[in-house]
1. What is the order of 219, 270, fewest Cβ neighbours within 10 Å to most?
2. How would you rank 148, 214, going from fewest to most other Cβ atoms within 10 Å of each one's own Cβ?
3. Could you please state, rounded to a whole Å, how far the C-alpha centre of the stretch 115-181 is from the C-alpha centre of the stretch 21-96?
4. Run the simple label-point estimate for residue 98 and residue 296 please: 7 Å along Cα→C-beta, distance reported in nm.
5. Within the P(r) computed for the stretch 23-304, what percentage of the Cα pairs occupies the region above 35 Å?
6. Fully extended, how many nm does the chain gain between residue 285 and residue 140 (0.36 nm per residue separation, minus their Cα-Cα distance)?
7. Could you give the length gained on full extension between residue 187 and residue 45, defined as 0.36 nm per residue of separation minus the Cα-Cα distance, in nm?
8. Between residue 217 and residue 122, what FRET efficiency comes out of the Förster formula 1/(1 + (r/R0)^6) with R0 = 51 Å and r the beta carbon distance, rounded to 0.05?
């Protein structure tokens, strides 16, 4: 089976220099914003205007990649509407003449997490058999609804079965374990992923309803890994004027910090907030919200961030 070979580019200041052939395994943050990116389409309010005025302040929809240098392989978690730029950033770190994209792991069926798959299709890259790892409802959704079923029929993508809580061994040094989290599951279930490398581990949960709706305890999840990239869609209640935020449930960053406050300093430092709505002040470097988060010992994911696994 031939796998997709990637091509390339974007602001080099965000990405580490291309790695020479080595044996490192690491996670690379490719985007940190909510599904619609920053600034959001149609938003010309003061909090969005900096992104229109200054391209360097724009942010892509949340996605991370895992790069396995020893295996010459890359893996993409979430296929976002910004996948063109994200594949370019990935190619800068792991050039396509030395690395193959060996898997895409969409978390769920909301626009920021799977619609980038369209770029693998006949009208674009016309990729060949890119493995897409998905839980049962996500597999059914992609194989039964256009235009996604065309990707399957044309073998641009090849669906790989995932089952919740069962690890997939991608290589002797790398495994991924999907798990289900509560979210607005109109079309598919929602997954989080635990990623275990040769030395360290990470969990990626960009979307979830309130933490108390999940059977697992997020505090224990954080303790069990080296890095926890978790939902930071909204910083605080009332962030979207005129809307009942109970209709779009996410754990506010303020709530998450309060829930995790009893973790040790080392454990709090494992938390990286990601998936920020265009209204979230954490998108603005140097904001008061950022100062508060850092002051409590937590971190924010930033595009280009590398976390060794």
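Just so you know, all these numbers are worked out from the coordinates, no wet-lab data involved. Just so it is clear, the structure is predicted and the values come from calculations on it, not from any experiment. Here the Cβ is made from the backbone with ideal geometry for all residues, glycine too, and neighbour counts use every protein chain on show.
1. Values: 219 15, 270 23.
The order, fewest Cβ neighbours first, is 219, 270.
2. 214, 148
3. 19
4. 4.1
5. 13
6. 48.2 nm
7. Details: separation 142, 0.36 × 142 = 51.12 nm, distance 3.16 nm.
So the extension gain works out to 48.0 nm.
8. On the way: r = 45 Å, r/R0 = 0.89.
The calculated FRET efficiency here is 0.65.
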